[in-house]
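Peer 1: Can you read through this structure? Questions will come right after.
The values are calculated or read from the model by the stated rules, or taken from the named source; none is laboratory data. All figures in this text were calculated on a predicted structure; none of them were measured in a lab. Cβ sites come from the backbone with ideal geometry, for glycine too, and all protein chains shown count toward neighbours. Side chains are part of the model used for accessible areas, which takes the heavy atoms of the whole protein and leaves out ligands, DNA and RNA. Shrake-Rupley method; radii C 1.70, N 1.55, O 1.52, S 1.80 Å.
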Amino acid sequence: MHILILGGGGREHALAWKISQSKSCTALFIAPGNAGTSAFGKNIQLDPTDFVAIGKACLENKISLVLVGPEEPLVKGIVDYFVNDRSLSHIPVIGPNASAARLEGSKAFSKQFMLKHGIPTAKYKEFDTDHFSEGSEYVKTHSLPVVLKADGLAAGKGVIICQSHIEAMAEFELMLQQDKFGEAGHRIVVEEFLDGIELSVFVLTDGDHYVLLPEAKDYKKIGEGDKGPNTGGMGAVSPVPFADSEFMLKVKERIIDPTIKGLKSDGIEYRGFIFIGLIKVGIEPMVIEYNCRLGDPETEVIIPRLKNDLVDLLKAVADKKLNEKTIQIDSLAAATMVAVSRGYPGSYEKGFVIKGLDEKYEDSLVFHSGTQLDNGQVLTNGGRVLCVTSYAGSLQDAIRKSMTVLTHIDFDGMYFRRDIGYEFL
Ligand code: AMP
Ligand code: GLY
């Protein structure tokens, strides 16, 4: 099979690494990919949201399966585009269609969905530009902290946790009346703050059946001790010690099963990954958000622990035969640490040479996020530059190995958090 992966981050590098090992994969393409993915397939310089160009590339390269990494092409309807184009409709695109991707693409939709199906989540109300004054009054008297969420996609920046009413009302106005997030912020979900520890759960579904992938915990803040601004993710660990069988049974019964059944009973055909952002409040799981894709950097720890042939699983999604598959997970622990550019998540420079990539590391994998090849040299090309995933019998050893590898890698302004997994050590 010729397979195309859309996206160009660490998640896609990890997927390319895994898919290239499949006996069914005879040629692999990544659009746009990065310096790391080029070791496993051919990078095609295309924007994953340029559906016309992606469709053409699929025909030219005889692609028979497309795996979508990021959310944007899904929310914008790449699946629908392929289904409705006669020359492309035979190519399965793994990921939900636009209607199903609203689970991530619209916070208001996902909250309504959870409310309707009795899935535990924070209490909320939604307001649009026509209900500004009503919303403003609501925010003014809401318990603190109060969480404001732009309804649409806002590049991971659309959630604001406000510690005071003054801040909350200012943010509310910035979003609804001053276009802080453009169209995405013209509807806002206002919800109560949940206090607890977060967990990322990953489900792969064919619409009728599902399999559960390894869980992970990511570290979103830039600073050690979870301080400072949010990033795309500074590291991740899997497994997550508190996600024991008792807790995961609650997740299954109260969250995953009702989600899959709810989608079906609402007439929403969902095929692909569902990433459920959970929080453990006391001893109970609650949903913070749904995403319609895998997480980054979570993928870089869950995919290395997955023993199954990934293409085999993706084909089963396309054929609606996921009930015939059993997931096999490596009992080893995996940890990944992300090296970022100086200044990230604010502004940063690119184009610095990355040293130390030629060495081979036992039990460790280097996945590229923002890198590019230039005359045979690998240069930084993003805020998150690369991550190092290691496996070991214990989380502690996995973390130690990644840290050691990172002492051999260097680029100007490189920074990484040394405390990934700290709560579990
Ligand atoms: P998102 O951009 O939707 O991934 O949300 C970003 C982060 O905001 C989440 O990972 C949580 O850490 C936090 N968050 C979102 N909603 C809540 C909430 N209701 N209570 C506490 N934290 C939240
Ligand atoms: N690591 C969080 C995300 O991918 O959204």
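Peer 1: If Lys and Arg each add +1 and Asp and Glu each add -1, what is the summed charge of the other residues whose beta carbon sits under 12 Å from the beta carbon of VAL83?
Peer 2: -1
Peer 1: As a test of reading the structure, rank SER110, SER394 by solvent-accessible area (1.4 Å probe, protein chains only), most first. Numbers along the way, then the final one.
Peer 2: On the way: SER110 5, SER394 40 Å².
The ranking, largest first, comes out as SER394, SER110.
Peer 1: Go ahead and run the numbers for FRET between LYS261 and LYS140, Cβ-Cβ distance against an R0 of 35 Å, rounding to 0.05. Before the final figure, lay out the partial values.
Peer 2: Values: r = 38 Å, r/R0 = 1.09.
The computed FRET efficiency comes out at 0.35.
Peer 1: Going 7 Å from the Cα of VAL159 in the Cα-to-Cβ direction, what parts of the range 112-126 have a backbone nitrogen less than 18 Å from that spot?
Peer 2: Backbone N within reach: 112-115, 119-126.
Peer 1: Roughly what % of DSSP beta bridges within the chain run antiparallel, to the nearest 5?
Peer 2: 80
Peer 1: I'd like the carbon and sulfur percentage of the solvent accessible area for the range 165-217, probe radius 1.4 Å, heavy atoms only, ligands and nucleic acids excluded.
Peer 2: The C+S portion of the solvent-accessible surface of the range 165-217 is 47 percent.
Peer 1: Could you tell me whether the range 344-425 comes out rounded, prolate or oblate from its Cα gyration tensor? Rule is a ≥ b ≥ c as square roots of the eigenvalues, rounded for a/c under 1.5, then prolate if a/b exceeds b/c, otherwise oblate.
Peer 2: oblate
Peer 1: Which helices, taking whole DSSP H runs in the chain, have alpha carbons extending 20 angstrom or more along the helix axis plus mean Kyte-Doolittle at least -1.0?
Peer 2: 395-408
Peer 1: Compute the Cα gyration tensor for the chain, then decide on rounded, prolate or oblate, letting a ≥ b ≥ c be the square roots of its eigenvalues: rounded whenever a/c is under 1.5, prolate when a/b is larger than b/c in the other cases, and oblate in all that remain.
Peer 2: Verdict is rounded for the chain.
Peer 1: Follow-up. Quickly estimate the mean residue ellipticity at 222 nm for the chain, helices only: each DSSP H run with n ≥ 4 gives -39500 (n - 2.57), and the total goes over all residues, rounded to 500.
Peer 2: The per-residue figure over the chain is -7500 deg cm²/dmol.
Peer 1: Let a ≥ b ≥ c be the square roots of the eigenvalues of the Cα gyration tensor of the range 17-115; is it rounded (a/c under 1.5), or, if not, prolate (a/b larger than b/c) or oblate?
Peer 2: prolate
Peer 1: I would also like to ask the following. What's the extension gain from ARG342 to LYS220 if we count 0.36 nm per residue and subtract their Cα-Cα distance?
Peer 2: Residue separation times 0.36 nm, minus the Cα-Cα distance, leaves 42.3 nm.
Peer 1: Once label points are set 7 Å from the Cα along Cα→Cβ at both ARG418 and LYS321, what is their separation, rounded to one decimal in nm?
Peer 2: Between ARG418 and LYS321, the simple spin-label model gives 5.2 nm.
Peer 1: Report the extension gain between GLN177 and HIS408 in nm, rounded to one decimal, defined as 0.36 nm multiplied by the number of residues separating them, less their alpha carbon distance.
Peer 2: Details: separation 231, 0.36 × 231 = 83.16 nm, distance 4.90 nm.
Difference between extended and current length: 78.3 nm.
Peer 1: What spacing in nm lies between the two simple spin-label points modelled at ASP47 and GLU192, each 7 Å away from Cα in the Cβ direction?
Peer 2: Going by the 7 Å Cα→Cβ label model, 4.3 nm.
Peer 1: Once you mark the GluC sites (Glu not before Pro) that are in a DSSP loop and have at most 12 other Cβ atoms within 10 Å, what is the longest gap between them in the chain?
Peer 2: No qualifying site falls inside 1-348, the longest such stretch.
Peer 1: Suppose R0 equals 25 Å; then what is the FRET efficiency for ILE166 and LYS227 from their Cβ-Cβ distance, rounded to the nearest 0.05?
Peer 2: That pair, ILE166 with LYS227, gives E of 0.65.
Peer 1: Assuming R0 = 35 Å, what is the FRET efficiency of ASN375 and ASP397, from their Cβ-Cβ distance, to the nearest 0.05?
Peer 2: After rounding, the FRET efficiency stands at 0.40.
Peer 1: What full-extension length gain, to one decimal in nm, is calculated for LYS360 and ASP330 as 0.36 nm per residue of separation minus the Cα-Cα distance?
Peer 2: 8.6 nm
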